[in-house]
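K.L.:
One structure, pasted below without further comment.
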Amino acid sequence: MTLFGYSLEQIFLVVLIFAGLATILVMFFGDAVEGIGEGLPIFNPSVILSFITLMSAAGFILEKLAWLSSVWNIIAACIIGAILSTLFYLFILVPLRSADVSLAYTEESLGGQLGKVIVPIPVDGFGEVVIETTSGMISKRATGYDNEAIDYDETVLIVDVKEGTLFVRAYEKKFV
């Protein structure tokens, strides 16, 4: 079968090449078009390009093997492309989107955590506390919540955070 004077095999190959190039461009500049697919996942550029690429690859292979007529090859290529791009979306894009981990923290998120004093906190003064998080160690300026002195290597509870200063109390484990 010919379309616009070209064989269907040639058309599938050209579409495959251009879709591959567009995929490479989206990989490099994907952040610029990231918001397009937020509302409906079907409009996600990665899903659209994966469908076009997989459909044209399947169509090219089916035309090369020529088991069926060209009309059935197009239908089969569209079905294969839809199934594979759906699997790509469900098993690759959705888990990647939900696995977004940030190394950033907010001062509000430090409240209620435990830390260790690395610079002793004097009465009415400042020391330093280190907090161990999943993204690493954070050291912050600290003062006693009730202006009490806290010694080196004491475990403290962060009660409040104001203007970058941790207000801490000595942590006492209570056994029941």
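The values are calculated or read from the model by the stated rules, or taken from the named source; none is laboratory data. Predicted model, so just to flag it, every value in this text is computed and none were measured. Positions of Cβ are backbone-derived with ideal geometry, glycine not excepted, and every protein chain shown enters the neighbour counts. Just the protein is used for accessible areas: all its heavy atoms, side chains included, with ligands, DNA and RNA removed. Shrake-Rupley method; radii C 1.70, N 1.55, O 1.52, S 1.80 Å.
K.L.:
Kindly provide the set of residues from region 137-153 that are open to solvent by 30 Å² or more (accessible area, probe 1.4 Å) and under 37 Å from the mean Cα position of the chain (by Cα), ordered by number.
P.N.:
Passing the criteria: M137, S139, K140, R141, D153.
K.L.:
Taking I118, is it without any contact (Cβ under 8 Å) to a residue 60 or more places away in the chain and either open to solvent by less than 60 Å² (accessible area, probe 1.4 Å) or among the hydroxyl-bearing types (S, T, Y) (or both)?
P.N.:
Judged against the criteria, I118 is not a match.
K.L.:
State all residues of region 22-40 that are at pLDDT 70 or above and under 16 Å from F51 (Cβ atoms); if no residue qualifies, say none.
P.N.:
A22, T23, V26
K.L.:
Return the pair list, or none, for Cβ contacts closer than 9 Å from residues in region 139-166 that are on the phi > 0 side of the Ramachandran plot and β-branched (V, I, T) to residues that are modelled with pLDDT of 90 or more and surrounded by fewer than 13 Cβ atoms within 10 Å (Cβ to Cβ), at least 6 apart or on different chains.
P.N.:
none
K.L.:
Separate question: Could you look through region 41-62, keep only residues that are open to solvent by 40 Å² or more (accessible area, probe 1.4 Å) and among the aliphatic types (A, V, I, L, M), and pick out the one that is modelled with the lowest pLDDT?
P.N.:
Checking each candidate, the answer is I42.
K.L.:
Then there is this: So L93 passes all but one of these: (1) surrounded by 14 or more Cβ atoms within 10 Å (Cβ to Cβ); (2) over 30 Å from L16 (Cα atoms). Which condition number does it fail?
P.N.:
(2)
K.L.:
Say whether the condition of being hydroxyl-bearing (S, T, Y), touching a helix residue (DSSP H, G or I) at 6+ places or on another chain (Cβ under 8 Å) and in the same structural domain as Y6 (by the TED database) is met by at least one residue in region 62-70.
P.N.:
yes
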